[in-house]
Each structure stands twice: as C-alpha cells, then as structure tokens.
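> Quick one: structure below, then a few questions.
Rule-based calculations on the coordinates, nothing more; no lab input. In this text, all values refer to a predicted model and were calculated from it rather than measured experimentally. Cβ coordinates were reconstructed from backbone atoms using ideal geometry, including for glycine residues, and neighbour counts include every protein chain displayed.
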Amino acid sequence: MKLNPVLERLTPYRAGPPLATVQKRYNLAQIARLSANESADGPFPEVVDALKEALDGLNRYPDGWCADLRETLAAQLDIPESCLVFGNGSCELLMLLGEAFLGPDRHSVFPLPSFVMYKAIAAANSAPFTAVAQPELRYDTDALIAALREETTLLTICNPNNPTGGYLEPRQLRSLLDRVSEHTVVILDEAYGEFVTAAADQDTAPWVADYPNLVVLRSFSKIYGLAGLRIGYGIACPEIIDALDKLRQPFNVGTLPQVAALESLRHPARMEERRVHVDRERRRMSAELDRIGVGVLSSQANFLLVNVEGLAVPGEEAAQALLERGVMIRSGYAMGCPGWIRVTIGKVNENEHFLAALAELRGFGG
Ligand SMILES: Cc1ncc(COP(=O)(O)O)c(C=O)c1O
C-alpha cells in the first residue's frame, strides 16, 4: 500500500467520547454541551415540519444545483444566482477552495489563533503557510498583510474570529481587501456572522461585485441550528464559483439540508430572536466573569474566550475540571491560545451551570 505522503502531516479529527459515556464516567445527571459553537436550540419548528414532508422523496438524488434555495437566497442577498455555491457544510467549501487555489508552490495565510481547518487544508494540499500571530489575541490586519508574498494565493479571515470572537468592522475589512493583490483570493469566513450586533455591521455579499478575489462563506450550522444536516454556502464571482462547481461532487448537498435551509430563510424573526438571546447572554456572562475576576475577550460570536490562568487548577486542566462538573467546553491549548478556554453561549440554565462551575474553580464556593 502506498499512501499519499501528505497524510504523514495530517491528523484525523477526533470528536470526544459519546455524551452518555462521559455522563456515566463522571456520574453526571446532565451535561451542558458548550464545546462546539452549536445553537442551543434545534431547527425552527417550521423547518421540522418541512423536513417531515420531504422524507417521502428520499429515494431520489437531491437537486445538484440547489435551484429553489439558490433562487431564494440570491433574491434575499440581492446578488446573481451565478454567484452562489452550496456545500456539505461551509467546511466542504473551505476544502474545495484549498484544492482550487493551493499547492506546493502556493502559499496560504491565516490568523493564529483561528479555525483549525485553515492549517489542515494548507497541509492537505502540501502548501506552505503562515499562521500570523495576533498580538493579545486581537486582529492585526497589518501583520496579515505583511505576511503576504508573491506566491500567496489564499488569505483567510474569520469574522467574527473563532475562537477569539474578535470582529473586523466593514471599514477595516475593506481597507484590508484594498491592500491585497488580485492574485490572492481572500476567504471571508462568516460562519458566525449572524451573531454580530455591532452597529457598523454590513452585509458583505454585494462586495463580491467590487472584489473578484473575494469569497464569503456562511453556514446554516450555527444560528439556524442545522449542524447535524451539513449545509453552508459561498458567495463569489462566477469564475470562482465555476472552479468550485468543477471540483464538487454532483450531489454534494442532500435533499433534507436543502429543504431545511430554504425553510429557515423564510423565518428571519426567529433568527433575530436567537441573535438577541446570544447578545444578551454574551453581555451577562461577560459581566459575571468580570465580577469574579476572570478575564474574557469581547466577542461578536456565540462563544466567549475565557482566561483560565489563576484558577484552583492549572490552565491545562481547566477543561477536564469543568467536564467533571458537567460542562463541556473547548480548551484553548489545542487551538493556539494556551491559558484560555472557549465556551459556547447556550441556554440560560447551561450558561449558569458554566458560570457556577467556573466560580467554584476560581474559589468562589460551590
Ligand atoms: C470559523 C468556522 N468556519 C467554518 C466552520 C464549519 O462550519 P460548517 O458546519 O458549515 O461546516 C466552523 C465550524 O465550527 C467554524 O468555526
């Protein structure tokens, strides 16, 4: 057997043990799952109804063009249908962009810390990369620009950034785009874009008309609560969309994800409710962490990056100590930000559970 040598540089993604196993091991009545930035709530009720109706047609392949979804989304975003591509999660589109633009002679740039897939995708395509450290975990666009080389074909910006929650305003983004040469494709990963409440925020979809090297990626996994179905989309000029269409499987997005995404788009008020909830909880949790003397970064996403130095346990053990108290979060040690943990904003009772467990580790009693 002769495996592709690139595999030596890759590590498989291993999810943690099943929930039931963890519950049994630590004798927990319940677990607050605040580790994967999922929505605390499932699909909208209308989406569940639409999914039930669609079950009958599953003997057929899905619509490989996502025509109904494409038409509705293009109208909502006010962009041509030819500027859209759909994927099995936005992660599939990230991978296809890697295939389309990276290779051994092509360089990739992304911030550190940021979504771990950016590095994995560069490695999978044998591409050299620069992970640009962000001083004090805040976006430094000058440092990103300084890392660009003649052979840089991809620059990825995650906005808001996972795991810091940091946000670049439209003005800062445009100024960054204006400084990137047109042979470098800029991926603007907006998996958490719907959680932004900053007053200056703008829809970036129409920007692809101004920047032919821009690809905006969005996901139905987060605010819409469809992580289990796998669907996301990309917005770009037709030349980039055509490249991704050549690389993708003919039927890369299943029927149920298409139905669920389309129905989700019909209920903007429900999405707004979720945004308001996350914003309220984001402020409340940050204030409470502040009160108990725990550092937290300002976030525009559905998660917070929380400092775990100075707890009753060493920072590396904070994730385990919280798990034993029934709270699943993500340790920053594997994400390029040692000394921090990332906690997803969940339901009020889950957030309370997290705050109580952390206060206990901070020495504020049980
Ligand atoms: C920044 C970022 N981009 C993309 C994704 C992938 O999302 P999807 O579920 O749409 O594949 C995630 C998932 O956590 C993410 O954090």
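> Mind checking which of 192, 302, 319 is farthest towards the positive end of the chain's charge dipole, using Cβ charges of +1 (Lys, Arg) and -1 (Asp, Glu) about the Cα centre?
After comparing all options, I get 319.
> For the pairs 24/119; 119/246; 246/347, note any where the Cα-Cα span goes beyond 32 Å.
Values: 24/119 35 Å; 119/246 23 Å; 246/347 41 Å.
Pairs exceeding 32 Å: 24/119; 246/347.
> Same structure, new question: What is the distance, in nm, between label points placed 7 Å from the Cα along the Cα-to-Cβ direction at residue 203 and at residue 28?
4.0 nm
> Quick query: amide H of residue 185 versus all other amide H atoms, modeled in the peptide plane; which residues come in under 5 Å with a sequence gap of 5 or more or a different chain?
Those qualifying (amide H under 5 Å, at least 5 residues apart or on another chain) are 154, 155.
> Also, I was wondering about something else. Would you order 25, 248 from fewest to most other beta-carbon atoms within 10 Å of each residue's own beta-carbon?
Values: 25 11, 248 20.
With the fewest neighbours first, 25, 248 line up as 25, 248.
> Another question, if that's okay. If the viscosity is 0.890 mPa s and the temperature 25 °C, what Stokes-Einstein diffusion coefficient in µm²/s follows for region 132-203 when Rh is the Kirkwood radius over Cα pairs?
Roughly 191 µm²/s, to the nearest whole number.
> Working out 0.36 nm times the residue gap between residue 279 and residue 52, then minus their Cα-Cα distance, what length gain in nm do you get to one decimal?
Extending this stretch completely gives an extra 78.6 nm.
> Over the Cα atoms of region 217-273, how large are the radius of gyration and the largest Cα-Cα distance (Dmax), in Å?
When restricted to the Cα atoms of region 217-273, Rg and Dmax are 12.8, 38 Å.
> With +1 on the Cβ of every Lys and Arg and -1 on the Cβ of every Asp and Glu, and nothing else charged, how large is the dipole of the chain about its Cα centre, in debye rounded to the nearest 20? Let's see the in-between values first.
Values: 35 positive and 46 negative charges, 226 e Å.
Charge dipole of the chain: 1080 debye, to the nearest 20.
> Could you pull the Cα extents of the chain along its three principal axes, largest to smallest, in whole Å?
Extents along the principal axes: 59, 55, 52 Å.
> Using 0.36 nm times the number of residues separating residue 169 and residue 183, minus their current alpha carbon distance, what extension gain do you get?
The residue 169-residue 183 span can extend by a further 2.7 nm.
> May I pose another question? Can you work out ³J(HN,Hα) from phi for every residue in region 116-129, in order, using Karplus 6.51 cos²θ - 1.76 cosθ + 1.60 and θ = phi - 60°, giving whole Hz and x for Gly and Pro?
4, 5, 4, 6, 4, 6, 4, 4, 5, 9, 6, 9, x, 9
> Show me, for region 12-29, the HN-Hα J-couplings you get by feeding each phi into the Karplus relation (A = 6.51, B = -1.76, C = 1.60, θ = phi - 60°), rounded to Hz, glycine and proline as x.
x, 6, 10, 6, x, x, x, 3, 4, 5, 5, 4, 5, 4, 9, 6, 9, 5
> For residue 132, which sequence-distant residues (separation of 5 or more, or a different chain) have an amide H within less than 5 Å of its own amide H, given hydrogens modelled in the peptide plane?
Long-range HN contacts for residue 132: 110, 112.
> Then there is this: What FRET efficiency comes out for residue 349 versus residue 317 if R0 is 22 angstrom and r is the Cβ-Cβ distance? Round to the nearest 0.05. Write out the running numbers ahead of the final one.
On the way: r = 25 Å, r/R0 = 1.15.
The computed FRET efficiency comes out at 0.30.
> Rule-of-thumb check for region 59-266: C-alpha Rg over 2.2 N^0.38 Å?
Cα Rg divided by the expected 2.2 N^0.38 Å: 0.97.
> Something else about it: Please give the contour-minus-distance gain from residue 9 to residue 287: 0.36 nm per residue of separation, less the Cα-Cα distance, rounded to one decimal in nm. Spell out each step's value before the answer.
Working: separation 278, 0.36 × 278 = 100.08 nm, distance 4.18 nm.
My answer for the length gained is 95.9 nm.
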